[in-house]
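Taking it in order: structure first as structure tokens, then the write-up.
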Amino acid sequence: MTSLAEKIAPYAAQFRRDGFVMVPDLLSLEEIDRYGAAVDEAVARRKRFDHRELRQKSLYEQSFIQCINLWEDSPAVRPLTFHPVVCEAAARLLGVDAIRLWHDQALYKEAGGRKTDPHQDQPYWPMRETDTITAWIPFDGSSHATGCMGYIPGSHLAGLKKFVNIFQPEEALDILALPQFKDTPPEWIEAPRGGVAFHHGLTVHLAKPNRGSHTRRVHTMIFFRDGTTRGNQFPHFAVDRFGIKIGDAIDSPVTPIAWPRAAGDLPDPPTVPIGDLHANIQKIGMFPDAPRKN
């Protein structure tokens, strides 16, 4: 029987070269159904006070509904965020011995939702090192019609860490127009149900608009190499909640070890709240309201 390490090995070579890869059949269809329902419930609960129509939202919010750190206040989502197969696959693609969770998030692109603007993830995170990877799990699969992801092959090797303010896309830099990328078109990846798309934190990526009639339902987890340190003062709840200082290892209950873990061992959510830094967006359900245990 093929081990997960053996299954991932050929994909790891592609990931090192291109900065992204789609691995099919990492999750069973039963798991996709079960976890999809759990994330649906969590998103509905977080967004229960937000009754705006798509046209009433900011351009950023028109790209997707975003609910971060569902593992904290949604016990049924926690086994997905720390799914041993997905977490091990992420670690093996990065080629590291242990990874921690930076954060998870639901990214639900509503029917009629606009494109996701091209960007790199790493500039949003105050990390010194760059061994980072995102696992992107579409519960219904993804297609060109519903908002599949596109990646610029090899862009993680370009030596660029460019902040693109996708929170205000009307003013954002067009990273695809930069000399490093202007001659490299995106490679669009349609993912089947049960497949997981992975991309490096420095890979330039984007997503198409959702021209379908149903919400594109995606759950993602961002992981980083254990031992990574804080590199700057850029604010982020993953380091600020427990006062991680510049130069210190990013190691707290907010960023627990994701792999390796003992079978069935899930971390407890942190007891320190998000805090005032993000209070202005807690009201629309982006972050947990308060610490919650099983």
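Contact order for the chain, expressed relative to its length and based on alpha carbon pairs under 8 Å spaced 6+ residues apart, stands at 30 percent.
If you take every residue apart from His144 with its C-beta less than 10 Å away from the C-beta of His144, what net charge results, scoring Lys and Arg +1 and Asp and Glu -1? Combined, the nearby Lys, Arg, Asp and Glu give +1. Mean residue ellipticity, 222 nm, helices only, the chain: the sum of -39500 (n - 2.57) across DSSP H runs of n ≥ 4, divided by residue count and rounded to 500, is -6000 deg cm²/dmol. Here log10 I(q)/I(0) by the Debye sum over Cα atoms at q = 0.08, 0.14 Å⁻¹ was calculated from the structure, and among (i) -0.31, -1.07; (ii) -0.46, -1.03; (iii) -0.29, -0.97 it sits at label (i). Placing one equal scatterer on every Cα of segment 1-136 and applying the Debye formula, the log10 ratio I(q)/I(0) at q = 0.11, 0.13, 0.14, 0.15 Å⁻¹ is -0.49, -0.69, -0.80, -0.91. Across the options Ile137, Gln62, Cys87, the greatest Cα extent toward the positive end of the charge dipole of the chain (unit charges at beta carbon of Lys, Arg, Asp, Glu) belongs to Gln62.
Per-residue Karplus couplings for segment 161-169, computed as 6.51 cos²θ - 1.76 cosθ + 1.60 with θ equal to phi - 60°, are listed in order as 10, 10, 6, 10, 7, 6, 5, 10, x Hz, Gly and Pro entered as x. Please give the Cα centre distance for segment 116-146 versus segment 196-213, rounded to the nearest Å. The two parts, judged by their Cα centres, are 6 Å apart.
Taken one residue at a time, the phi angles of segment 189-201 give Karplus couplings (6.51, -1.76, 1.60, θ = phi - 60°) of 10, 8, 9, x, 4, x, x, 10, 8, 10, 9, 6, x Hz. Gly and Pro are set to x. Name the residue from Cys148, Trp71, Phe242 whose Cα lies farthest towards the positive end of the charge dipole of segment 4-282, charges +1 on Cβ of Lys and Arg and -1 on Cβ of Asp and Glu. Comparing the listed Cα positions along the dipole, Cys148 ranks first.
With K and R counted +1 and D and E -1, the other residues having a Cβ less than 13 Å from that of Met127 yield a net charge of -1. Backbone phi angles across segment 234-242, fed through the Karplus curve with coefficients 6.51, -1.76 and 1.60 (θ = phi - 60°), yield HN-Hα couplings of 3, x, 7, 4, 5, 10, 6, 5, 10 Hz in residue order; Gly and Pro are listed as x. Taking the fewest neighbouring Cβ atoms within 10 Å as the starting point, the ordered list for Ile166, Ile222 is Ile166, Ile222.
Note on segment 70-112 and segment 1-60: Cα centroid distance 8 Å, given to the nearest whole angstrom. Each Lys and Arg adds +1 at its Cβ and each Asp and Glu adds -1 at its Cβ; summed about the Cα centre, segment 4-282 shows a dipole of about 460 debye.
Each reported figure results from applying straightforward, stated rules to the coordinates on display, with no laboratory input. A quick note: this is a predicted structure, and the numbers were derived from the prediction, not measured. For neighbour counting, all protein chains shown are included, and Cβ atoms are generated from backbone atoms with ideal geometry for every residue, glycine included.
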